[in-house]
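**Student:** Dropping a structure here in structure tokens format, bear with me for questions.
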Amino acid sequence: MRTGLQIALFGRITLATAFGFLIGLERQWRGKPAGDRTFALLALGASAFAGLAIELFPASADRVIQGVVTGVGFLGAGIIFQTHERPQGLTTAAAAWAATGIGVLCGVTLYLTAGLTTVLTILVLESISLPGVARLETPPTEPSDPEHQD
């Protein structure tokens, strides 16, 4: 029953999983709570949903992809947390969103774009450690004084 399609979908999903795994390795190497398995699974799921949608439900594939992106947005919100009045996990949440996009790209057979986007994502995540690339540091904000608020 549609063996050729199933093998093709599995290939897309496998490639997406590998791309997500690579992004997750960088996050894991940095000691972030979401690592290789999390990112591999995000890309895997996105690819499976997108691939299935364009193959079996092409008229509504855009709605399926929209649902995937929305769902990952909620997951990303769970990754972000507040410590000392500063948000933490924003980069990891954004990387999770990117990994999902890469999974969707694989699911819809845009492999070159998915691969290049993976490389670009890792370059952005690693930009802090590239020679000659300096990050702008924002000074810590002072807690607001309740007596001087409007």
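Computed from the coordinates by the stated procedures, all read-outs in this text should not be read as laboratory data. These figures come from a predicted structure and were not determined experimentally. Here the Cβ is made from the backbone with ideal geometry for all residues, glycine too, and neighbour counts use every protein chain on show.
**Student:** Counting only C-alpha contacts under 8 Å and six or more residues apart, can you give the relative contact order of the range 1-135 as a whole percent?
**Tutor:** 29 percent
**Student:** Could you point to the residue in 39, 116, 61 farthest towards the positive end of the range 8-128's charge dipole, with +1 and -1 charges on the Cβ of Lys/Arg and Asp/Glu respectively?
**Tutor:** 39
**Student:** What translational D, rounded to a whole number of µm²/s, comes out for the range 8-128 from Stokes-Einstein when the hydrodynamic radius is the Kirkwood one over Cα pairs, at 37 °C and 0.692 mPa s?
**Tutor:** Rounded, D is 232 µm²/s.
**Student:** Let me ask another. Give me the extension gain from residue 8 to residue 59: residue separation times 0.36 nm, minus the current Cα-Cα distance, reported in nm with one decimal. The partial results should precede the final answer.
**Tutor:** On the way: separation 51, 0.36 × 51 = 18.36 nm, distance 2.01 nm.
Result for the pair: 16.4 nm of gain on full extension.
**Student:** Right, another one. Of the listed peptides 26-34, 102-110, 80-88, what is their order by residue-averaged count of other C-beta atoms within 10 Å, with the highest listed first?
**Tutor:** Order by mean packing, descending: 102-110, 26-34, 80-88.
**Student:** OK, next. Determine the dipole magnitude for the range 11-127: charges of +1 sit on the beta-carbon of Lys and Arg, -1 on that of Asp and Glu, nothing else is charged, the reference point is the Cα centre, and the result goes in debye to the nearest 20. Before the final figure, lay out the partial values.
**Tutor:** Numbers: 7 positive and 6 negative charges, 30 e Å.
For the range 11-127, the charge dipole is close to 140 debye.
**Student:** Using the beta-carbon distance between residue 112 and residue 84 and R0 = 41 Å, what value does 1/(1 + (r/R0)^6) give for FRET efficiency, to the nearest 0.05?
**Tutor:** Computed FRET efficiency for residue 112 and residue 84 comes out at 0.45.
**Student:** Cα centroids of the range 105-126 and the range 46-66: how far apart, whole angstrom?
**Tutor:** Value for the Cα centre distance between the two parts: 19 Å.
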